[in-house]
Amino acid sequence: MQRIALLTSGGDSPGMNACIRAVVRKAIYHGLEVLGIKRGYNGFVEADIAPMNLGSVADIILRGGTILRTARSDQFMNPVGRAKANENVKRFGIQGLIVIGGDGSFRGAKVFNQEYGLPVVGIPGTIDNDIPGTDQTIGFDTAVSTAVEAISKIRDTATSHERTFIIEVMGRRCGYIALAAGLAGGAESILIPEYPFDYDEICDRLMRGYRRGKMHSIIVVAEGVASSLEVGRKISERTGFDTKVIILGHLQRGGMPSATDVILASRMGAKAVELLMAGETKKLIGVRAAQITATDIDDALSQTKSIDMELYDLAGVLSI
Ligand code: ADP
């Protein structure tokens, strides 16, 4: 293996830049050449590809976003687009591809590998933590910290005005951010798609808190559960409490990555290069019990990632 290429795809997440840096520097350390593909699979199809060197990744380790930019690419969903990408594989002499992104991006990598045989390795970069085959994804820790910081600020005003706040966090179809941020932020209730919720129980909990003199309440809602405006309206109708709804939105995607994410990104990036050098293909990097792992992409994508119900139950007990 002499020359590898790298792209970021799908939703961006804090720590992607640290991962790009790790891939580039680890590869150069071992004498490989690295090409950066811009704008996800769009750049792969359109030949938006340029060599990267040690200086290309200088001073990006703590920067949010991705210097390679990212995109969702309709062209790559189409066999004609992928054929163009394969022309670029030949033109640029690409012998292996590293894709940092989410499950959609790995499906794309897998299809391309099946069609053209290019060795591919995926690295999970998404704030949602919704990728099977890994305990944690790059960006999740930072996004949770951002959400908790917001909860902490909202708590102050919630207490002053004796209000109930409904805080909607990201996560697509998955409740990981909501569960972690709700537990760390001391939320009264956490609504996640993996677990049915009951307005009577939520309102009983709020009333119990109110009777023992609680000044405020925080309810964290995962975006995949229900409209948070609807949740706020129903709770307000049932309890008569003044409820406010806050949607954190894309705020959770940006910012300086946490040290945990930077370290994870660095380890995963280095491992991806090692795998390509060892002749491996169609692998998804992960972290399991603090060890960096590699799983077959098909195996990983055929699993569903389940939420840690012990954590969910604990959050319920501690916010009684
Ligand atoms: P994420 O990687 O964050 O899950 P998407 O699901 O939008 O984001 O996927 C990112 C990109 O991966 C898509 O825009 C598309 O270019 C490519 N992709 C996804 N699924 C496939 C597929 N089945 N075949 C080819 N390309 C795909």
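The values are calculated or read from the model by the stated rules, or taken from the named source; none is laboratory data. Note that this is a predicted model, so its numbers are computed, not measured. Here the Cβ positions follow ideal geometry from the backbone for every residue, glycine too, while neighbour counts run over all protein chains shown. Side chains are part of the model used for accessible areas, which takes the heavy atoms of the whole protein and leaves out ligands, DNA and RNA. Shrake-Rupley method; radii C 1.70, N 1.55, O 1.52, S 1.80 Å.
Of all residues in the range 1-19, those that are within 16 Å of the ligand (Cβ to nearest atom) and not small (G, A, S) total 7.
Could you check how many residues of the range 125-149 are without any contact (Cβ under 8 Å) to a residue 24 or more places away in the chain and within 12 Å of the chain's Cα centre (by Cα)?
Total satisfying the criteria: 0.
Within the range 89-110, the set of residues being within 13 Å of the ligand (Cβ to nearest atom) and of a type in the set (F, W, Y) comprises just one member, F106. Residues in the range 263-293 that are in contact (Cβ under 8 Å) with a residue 60 or more places away in the chain, over 26 Å from Y195 (Cβ atoms) and of a type in the set (A, V, I, L, M, F, W, C): L264, A265, M268, A270, A272, V273, L275, L276, M277, L284, I285. When D141 is tested against (1) within 12 Å of the ligand (Cβ to nearest atom); (2) among the acidic types (D, E); (3) part of a helix (DSSP H, G or I), just one condition goes unmet, and that condition is (1). Check the range 286-294 and report whether any residue there is assigned to a helix (DSSP H, G or I) and open to solvent by less than 20 Å² (accessible area, probe 1.4 Å). Checked the range 286-294: no residue is assigned to a helix (DSSP H, G or I) and open to solvent by less than 20 Å² (accessible area, probe 1.4 Å).
Within the range 71-86, if we keep just the residues that are touching a residue at least 12 places away in the same chain (Cβ under 8 Å) and open to solvent by 30 Å² or more (accessible area, probe 1.4 Å), the residue that is farthest from the ligand (Cβ to nearest atom) turns out to be K84.
Across the range 45-63, not a single residue is classified as assigned to a loop (DSSP other than H, G, I, E, B) and under 18 Å from P119 (Cβ atoms). Screening the candidates L68, L35 for the property of being within 22 Å of S266 (Cα to Cα), aliphatic (A, V, I, L, M) and within 16 Å of the ligand (Cβ to nearest atom) yields one hit, L68.
Against the test of being assigned to a loop (DSSP other than H, G, I, E, B) and either modelled with pLDDT under 95 or of a type in the set (G, A, S) (or both), the options A71, A85 yield a single qualifying residue, A71. As a summary of the residue check, G15 satisfies the conditions (1) in contact with a Pro (Cβ under 6 Å, 6 or more places away or on another chain); (2) farther than 25 Å from S258 by Cβ; (3) of a type in the set (G, A, S) except for the one numbered (2).
The set of residues from the range 106-146 being open to solvent by 10 Å² or more (accessible area, probe 1.4 Å), under 23 Å from L35 (Cβ atoms) and small (G, A, S) comprises G108, G117. A count restricted to the range 204-229 and to residues that are open to solvent by 10 Å² or more (accessible area, probe 1.4 Å) and over 22 Å from T146 (Cα atoms) stands at 10. Of all residues in the range 210-235, those satisfying the criterion of being over 12 Å from E162 (Cα atoms), in contact (Cβ under 8 Å) with a residue 12 or more places away in the chain and of a type outside the set (A, V, I, L, M) are E223, G224, S228, G232, K234.
Quick check on D198: is it over 26 Å from the mean Cα position of the chain (by Cα), within 19 Å of V317 (Cβ to Cβ) and acidic (D, E)? It is true that D198 is over 26 Å from the mean Cα position of the chain (by Cα), within 19 Å of V317 (Cβ to Cβ) and acidic (D, E). Take the conditions assigned by TED's automatic domain parsing to the domain that holds R233 and either under 30 Å from G10 (Cα atoms) or at pLDDT 90 or above (or both) and apply them to A187. Does it pass? Spelling it out, A187 is indeed assigned by TED's automatic domain parsing to the domain that holds R233 and either under 30 Å from G10 (Cα atoms) or at pLDDT 90 or above (or both). Of all the listed residues (N42, N53), the sole one being among the polar types (S, T, N, Q) and away from the ligand (no atom under 16 Å from the Cβ) is N53.
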